[in-house]
Amino acid sequence: MKEWLKKVENALSKALKSVDSSDEIPRENMYMLAPIIYSQAHNMNNGQLLKEMIEANDEQFREDCSHDENSKLQYKYHYVSSFLNCYVVAGKIDEMKFDKIMDYINEKLNLFEDEYK
């Protein structure tokens, strides 16, 4: 699991740097960077798979926000969830492994914003 923590920390760091250096990307849309950062990390050159990742992550984000509109403010959580979901879409891990990794990451990293209401 430590290798997953390292992958996630690296990817999260890249996403935060991208958002912080851009006035065009709101933090609540940071999850949209996950497929791009995944494809860069894996030297992926598959446009169809990238499109599937984008669509799956959009659907996952909308579903999460449909239960609580303010959850969009938890941009780190949504990013990490979307990044790991790319591995599911690519067939590298299954849903059970995704859940185990997310649980581990949630224990190790502070993914939630305190001002969340």
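The values are calculated or read from the model by the stated rules, or taken from the named source; none is laboratory data. Predicted model, so just to flag it, every value in this text is computed and none were measured. Cβ sites come from the backbone with ideal geometry, for glycine too, and all protein chains shown count toward neighbours. When the accessible area is computed, the model is the full protein with side chains, heavy atoms only, and any ligands, DNA or RNA have been set aside. Shrake-Rupley method; radii C 1.70, N 1.55, O 1.52, S 1.80 Å.
Listed by position, the helices (runs of 4 or more DSSP H) contained in the chain that have at least 3 residues being open to solvent by 70 Å² or more (accessible area, probe 1.4 Å) are 2-20, 47-67, 95-108.
Please determine whether any residue of the range 16-29 is under 20 Å from I93 (Cβ atoms) and touching a residue at least 12 places away in the same chain (Cβ under 8 Å). No; the residues of the range 16-29 include none that is under 20 Å from I93 (Cβ atoms) and touching a residue at least 12 places away in the same chain (Cβ under 8 Å). All told, Y104 meets the bar of being in contact (Cβ under 8 Å) with a residue 12 or more places away in the chain and farther than 17 Å from P26 by Cα. Among the residues of the range 12-28, those identified as over 13 Å from the mean Cα position of the chain (by Cα) and charged (D, E, K, R) are K17, D20, D23, E24.
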